1. Can you tell me which condition R31 does not meet? The list is (1) surrounded by fewer than 16 Cβ atoms within 10 Å (Cβ to Cβ); (2) within 15 Å of the chain's Cα centre (by Cα), and all the others hold.
2. Can you give me the number of residues within segment 56-89 that are more than 18 Å from A33 (Cα to Cα) and touching a strand residue (DSSP E or B) at 6+ places or on another chain (Cβ under 8 Å)?
3. Write out, first by first residue and then by second, each pair whose Cβ atoms fall under 6 Å of each other, whose residues are 6+ apart or on separate chains, and whose first residue, in segment 5-21, is without any contact (Cβ under 8 Å) to a residue 40 or more places away in the chain while the second is aliphatic (A, V, I, L, M).
4. Restricting attention to segment 92-111, does a residue exist that is in contact (Cβ under 8 Å) with a residue 60 or more places away in the chain, among the charged types (D, E, K, R) and closer than 28 Å to A33 by Cβ?
5. Scan the helices (runs of 4 or more DSSP H) fully inside segment 14-114 and keep the ones with 2 or more residues being hydrophobic (A, V, I, L, M, F, W, C) and under 30 Å from R3 (Cβ atoms).
6. E68 passes all but one of (1) over 15 Å from R11 (Cβ atoms); (2) surrounded by fewer than 13 Cβ atoms within 10 Å (Cβ to Cβ); (3) touching a Lys or Arg at 6+ places or on another chain (Cβ under 9 Å); (4) of a type in the set (D, E); which number fails?
7. So in segment 35-54, with the set limited to residues that are in contact (Cβ under 8 Å) with a residue 24 or more places away in the chain and either of a type outside the set (A, V, I, L, M, F, W, C) or in contact with a strand residue (DSSP E or B) (Cβ under 9 Å, 6 or more places away or on another chain) (or both), which one is nearest to R11 (Cα to Cα)?
Amino acid sequence: MERGVFYRCQRCSNCCQWPGEVPLTDREVNRIADFLEMNVYDFVAKHTALRLNRGGLTLREQRGGACEFLDGIDCRIQEVKPDQCAGFPNQWNFPGWQEKCEAVPERMDHRVDD
């Protein structure tokens, strides 16, 4: 990542279409279940799977690998999306992400206010 640059999400949903795990914390499971007005047990049974490393839960995918909560280019859980989703591409990314992602780079000012 380029130092001093913040990438502003344009909600293109390209990152939501890559296959792969979206690990969930207990806090995220509870928050999403509440948002969907589901009890936790039903949310886990319907919308999650065991991670490949068997170390927790991940969101289920649609055929082709897109996130189950992607509807067109809209996220059905945008308001409570997992930290992994909210952190892309500023907190984490992968090789080649800039070829697909439409995030707009913005220079960050580093001023010290007196």
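1. Only one criterion in (1) surrounded by fewer than 16 Cβ atoms within 10 Å (Cβ to Cβ); (2) within 15 Å of the chain's Cα centre (by Cα) is unmet by R31, namely (1).
2. 2
3. none
4. Going residue by residue through segment 92-111, those that are in contact (Cβ under 8 Å) with a residue 60 or more places away in the chain are 93, 97, 100-108, 110.
Imposing the further condition that a residue be among the charged types (D, E, K, R) reduces the set to 100, 102, 106-107.
This time we only want the ones that are closer than 28 Å to A33 by Cβ, so: none.
No.
5. 83-87
6. Only one criterion in (1) over 15 Å from R11 (Cβ atoms); (2) surrounded by fewer than 13 Cβ atoms within 10 Å (Cβ to Cβ); (3) touching a Lys or Arg at 6+ places or on another chain (Cβ under 9 Å); (4) of a type in the set (D, E) is unmet by E68, namely (2).
7. Of the residues in segment 35-54, the ones in contact (Cβ under 8 Å) with a residue 24 or more places away in the chain are 35-36, 48, 51-52.
Right, trim to either of a type outside the set (A, V, I, L, M, F, W, C) or in contact with a strand residue (DSSP E or B) (Cβ under 9 Å, 6 or more places away or on another chain) (or both) and you get 48, 51-52.
Details: T48: 23, R51: 26, L52: 28 Å.
The extreme case among them is T48.
Yes/no per residue for (1) of a type in the set (D, E, K, R); (2) at pLDDT 90 or above:
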| site | (1), (2) |
| --- | --- |
| G55 | no, yes |
| T58 | no, yes |
| E68 | yes, yes |
| Q78 | no, yes |
| P82 | no, yes |
| G96 | no, no |
| K100 | yes, no |
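The values are calculated or read from the model by the stated rules, or taken from the named source; none is laboratory data. Since the structure is predicted, the reported quantities are computational estimates derived from the model, not experimental observations. Methodologically, a virtual Cβ is constructed for each residue, glycine included, from the backbone with ideal geometry; neighbour enumeration extends over all protein chains shown.
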